[in-house]
Amino acid sequence: MIKKRYFSTKENFKTNFLYKFFLLIGIILLLFFVFFKVFPLLIDKESVGFAKQLYDFSQSIYPNSILAISMITLAVAVIFYFFYYQFVKLAKIADEIENEEESDELIKK
């Protein structure tokens, strides 16, 4: 006889964890991008020290790369959320079918 396997919605290939993880990483990177684009508005080109380094970094192409990576991780988070939502719906359907089978067996006895 075939052994039944039960997958819970919380352990379905870790999609719940993965979508939260990628969402967090994407939001953190997006906040870095916003910081690097807003900070130069508060300081001048003639600043010295650390402020000058931040200003120079914000004028380079690296903040745009941070935005691109942020968008990619947010898109991956949406994909994993879709999978997670589908697994939850599938688990509900499986529970309904299982409950129907149990009730049919009780009625037959």
For the stretch 12-81, give the magnitude of the charge dipole about the Cα centre (Cβ charges: +1 Lys/Arg, -1 Asp/Glu; no others), in debye to the nearest 20. 260 debye
Along the stretch 29-43, Karplus-curve 3J(HN,Hα) (6.51, -1.76, 1.60; θ = phi - 60°) to the nearest Hz, with x for Gly and Pro, reads 5, 5, 5, 4, 4, 4, 4, 6, 8, 8, 4, x, 5, 8, 10
Extreme residue, positive dipole direction of the stretch 12-81, given options Phe57, Phe80, Phe36 (C-beta unit charges): Phe80
From the Cα gyration tensor of the stretch 12-81, with a ≥ b ≥ c the square roots of its eigenvalues, which class applies: rounded if a/c is under 1.5, or else prolate if a/b is larger than b/c, or else oblate? prolate
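Computed from the coordinates by the stated procedures, all read-outs in this text should not be read as laboratory data. For clarity, every value in this text was computed on a predicted model and none was experimentally measured. Note that we place each Cβ from the backbone using ideal geometry, even for glycine, and neighbour counts take in every protein chain shown.
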